[in-house]
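I have a structure I would like to understand better, so I am pasting it below and will then ask my questions one at a time.
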Amino acid sequence: MNTPSTTKPPAAAQLSEIDKAMKWPALLFLLSAVVWLLTGTVFALLTAVKSTNPGFLAGCEWLTYGRVQAAYFNCLIYGWGGNASFGVGLWILARLCRKPMPMPGMLLVGGVFWNAAVKIGVAGIIIGDMTSVEWLEMPTYASSLLAFASILLAIWGTLAFRYRQPGPVFVSQLYILGALFWFPWIYVTAQIFLFVDPARGVVQSLTNLWYAHNLLGLWLIPTGLSAAYYLIPKILGRPIHSYYFATLGFWSLALFTGWGGMRHIVGGPAPAWMATVGIVASMAMVLPIVILAVNHHLTIIGRFEKVAASPALRFVVFGTVSFTLAGLIGCVMSLRSVGEVSQFTLMGVGHVHHWIYAFFSMIMFGAIYFMMPRLLNRSWPSGKLIQGHFWCSAIGITVMLVALYAGGWIQGLQMTAIDADGSLVNEDFLQIVRNTLPWLHARTASLLILAIGQLAFTANILWMIFHAVLSWKESLSSAKSSLLPETAAS
Amino acid sequence: MMKSLPLVFFGLFATLALSWAGLLWQGQKQLGGLQPMSEYYAIDPISNKSRLEKPQKDEDRFPQEPVGLAQQGKAQYINLGCVSCHTQQVRRQGFGADFERGWGDRQSVPRDYIHQKRVLLGSSRTGPDLANVGQRRESPDWFHQHLYNPQSVSPGSTMPPYAFLYEKREIGQNGGNLAKALELPAEFAPEEGHEIVPTLKAEALVAYLRSLKLDYNLPEMRLPDESQE
């Protein structure tokens, strides 16, 4: 594979042509993503408050804990995650194909269908049509729309890649193509095995684990990595540390991820070899994690003044550090002796947030800070708001992760501890529940901090759009006034 | 290398196809054909072949098909999202403390789930495991009290009350059915002259919860000897 440094980078003029063709689809995805992020946070806060105060809004069946919790995850994953990943991923793909892409209308249709599906799906969960299958809670009348939208977007991505300007293939493109291609596959497979023609017994659970693990590992994580691989060299103006390693990292991640989900069934009703396969695959993930860590961190090292100067890069670097940490914690949690304690505790939801918020979302924030000025041809109105967003996100997610990891580990130890003569150390289950409360309160606080950051982010975006609309109106009226004398003359 | 679209897509396809085939297809092959079985079947652990030791009667074959009302209750369990806090799987003895907590007398095995149109193993134990709750708790009253307001029987619980599955009505009206009414401690009871009555949804949900039992033997997993007659 050619290294990108040997080929001439596309001229700025050409890039702005590409950006122009992608402007409306990218804006549709990014703005929808932000709306879903905020909606998700409202559900997250409801979930968090209800987990410590069970009486809160308890009279309302639509807002019962199980439903708002599912609504939260669906907003976060499909609403925010899906839109951000399509907006950022397809834009990067188009730029790396080095050609203005035709058929933006196909992306708009895909985007409208995707968002309609998530809206219908979340509404379905709230009114009581949810499936109670983890991360597939949306009723089938919504999921079929979602599948259709994802297939449409995958076809567009494939065509874009097929008709790209000849030249090297970038590892960012591989990650995006992978994400676009894998998502419809795992989603449709899961729908068929779970709802259309339900598989017998625990084969359903295996499908669910395979799906949920790959949803993170083969959809959100590749998109995040793709953006990191694109933005770090771009902003620093230097190639990534090793291009050979980057390719190896991609294919080893693709190969090992699919098997890792089975570690969650350790001790459960499935043949023992399955959990073993999951543990081995989780340990094998050390290879792609180390490769990615080397590539991300060594490209950055010694250039911290640039990280401090670029708001986009600051978010991306936070995300890549989280990638390394979340990856290694995942390896440790897969071990049988650790899983025995951590299984079924708050650590699970903590680890999910490590991936979705500390890694994926932070990189998406960085990418959006990089993209929006190029889509709207203007700079961010407030640097202070960006700083506020960064620090609220960094502090908020750190507080949440510490609370859920520490609280979950203690919860797990108390649930499983047995003394020398084989009786329980913490006999009273309700006392263990009560002991998690301080950690759950810390989670509520962390969500509030995250929400403040998200509001700063939203305010900045709205401010920017307001300016863009104003200047568009001005240019329109000045164009009109310059036209007027001519029309009068004719 | 990796410049051509077909080659890239072959790679993308092959990597996911491997885990699909290895886990789902292989899982389906190994577990998809499980049938209810009498404990008198002996399964050879090496060849995995089963051999009949005694004639097999239908009533000896487990697990048995769930009944109607419990199935309706399962729909409630699903649409209320109970799975977000409750697992339905007993881990093997020595792995965790499921046996010591009294959550089951034996481990759950794949055959336990073969009749379930939706399998709800769960991934969080904010509340206790429910795979065997029907054997742990005998009385339907306890379930109703707990669902109506968990604090009435489990003070300090963080489970939300499901009072919306119950009806408050004046005693004597509509031919008030006292037998069905909930017996609640004074601080949770409704005002004088009223009673709390389960709706059909609540009755179905309780029937479902009471049907969750791991009280039968399977050829591959038996209850410990002392609990057998």
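May I ask you to give the average projected area over all directions of the convex hull of the Cα atoms of segment A:4-117, in nm² rounded to one decimal?
Values: hull surface 35.9 nm².
Over every viewing direction, the Cα hull of segment A:4-117 projects on average to 9.0 nm².
Angle between the Cα long axis of helix A:104-127 and the longest principal axis of chain A, 0 to 90 degrees, nearest 10?
Helix A:104-127 and the main axis of chain A meet at about 30 degrees.
What are the extents of the Cα atoms of chain A along their three principal axes, in Å, largest first?
Result, largest extent first: 100, 54, 50 Å.
What does the charge count around B:Q145 come to, taking other residues whose C-beta lies under 12 Å from its C-beta (Lys +1, Arg +1, Asp -1, Glu -1)? Could the numbers behind the result be given before it?
Working: positive: B:R137; negative: B:D141, B:E183.
Within the 12 Å Cβ shell, the charges total -1.
Positive end of the charge dipole of chain A (Lys, Arg +1 and Asp, Glu -1 on Cβ, about the Cα centre): tell me which of A:N53, A:S382, A:V277 has its Cα farthest that way.
Final value for the positive-end residue is A:S382.
How large is the convex hull of the Cα atoms of chain B per residue, expressed in Å³ as a whole number? Intermediate results must be reported in sequence, preceding the final value.
Values: hull volume 50.5 nm³, N = 229.
Expressed per residue, the convex hull around the Cα atoms of chain B is 221 Å³.
For A:Q204, what charge total do you get from the other residues with a beta carbon under 10 Å from its beta carbon, if Lys and Arg give +1 and Asp and Glu give -1?
Numbers: positive: A:R200, B:K117, B:R118; negative: none.
Around A:Q204, the surrounding residues sum to +3.
Return A:Y244, B:Y148 ranked ascending by Cβ neighbour count within 10 Å, so the fewest neighbours appear first. If you can, show how the numbers build up before the last one.
Working: A:Y244 10, B:Y148 22.
Fewest-to-most Cβ neighbours within 10 Å comes out as A:Y244, B:Y148.
What 222 nm value per residue comes from the helices of chain B, counting each DSSP H run with n ≥ 4 as -39,500 (n - 2.57) and dividing by all residues, nearest 500 deg cm²/dmol?
Numbers: 6 runs with 58 residues, N = 229.
It lands at -7500 deg cm²/dmol.
How much net charge surrounds A:F73 when only the other residues with a Cβ under 9 Å from the Cβ of A:F73 are counted, with Lys and Arg +1 and Asp and Glu -1?
Numbers: positive: none; negative: A:E134, A:E137.
Net charge around A:F73: -2.
Taking the 0 to 90 degree range and rounding to the nearest ten, how far is the long axis of helix A:203-215 tilted relative to the main principal axis of chain A, both from C-alpha atoms?
40
What is the extension gain from A:V280 to A:K234, computed as 0.36 nm multiplied by their sequence separation minus the C-alpha to C-alpha distance, in nm to one decimal? Intermediate results must be reported in sequence, preceding the final value.
Numbers: separation 46, 0.36 × 46 = 16.56 nm, distance 3.57 nm.
Going from the current span to full extension adds 13.0 nm.
Enumerate the amide H contacts of B:H194 below 5 Å, restricted to partners 5 or more residues apart or on another chain; note that Pro and chain-start residues carry no placed amide H.
When sequence neighbours closer than 5 places are left aside, the close amide H contacts are B:I171.
Over all pairs of distinct alpha carbons, what does the Kirkwood formula give as the hydrodynamic radius of segment B:105-160, in Å?
Values: mean 1/r = 0.0747 Å⁻¹.
When all Cα pairs of segment B:105-160 are included, the Kirkwood radius is 13.4 Å.
Moving on. Over segment B:90-208, what lengths in whole Å, largest first, do the semi-axes of the equivalent ellipsoid take, defined as the square roots of 5 times the eigenvalues of the alpha-carbon gyration tensor?
Semi-axes from the Cα gyration tensor: 33, 16, 11 Å.
Follow-up question, since we're still on this one. To the nearest 20 Debye, how big is the dipole of chain B about its Cα centre, given +1 on the beta carbon of each Lys and Arg and -1 on that of each Asp and Glu? Kindly include the intermediate steps, with their values, before the conclusion.
Numbers: 25 positive and 27 negative charges, 265 e Å.
That gives a dipole near 1280 debye.
What is the fewest-to-most order of A:C75, A:C97, A:C331, A:C60 by other Cβ atoms lying within 10 Å of their Cβ?
A:C60, A:C331, A:C97, A:C75
Please rank A:W210, A:W251, fewest neighbouring Cβ atoms within 10 Å first, as an exposure proxy. Show your work: numbers first, answer last.
Values: A:W210 27, A:W251 17.
Sorted ascending by nearby Cβ count, the order is A:W251, A:W210.
Sticking with this structure for a sec: With the contact rule set at Cα under 8 Å and sequence spacing of 6 or more, what percent relative contact order holds for chain A?
On the way: 672 pairs, mean separation 68.6, N = 490.
Result for chain A is 14 percent.
Rule-based calculations on the coordinates, nothing more; no lab input. All of these numbers come straight from a predicted model, not from anything done at the bench. We place every Cβ from the backbone using ideal geometry, glycine too, and count neighbours over all the protein chains shown.
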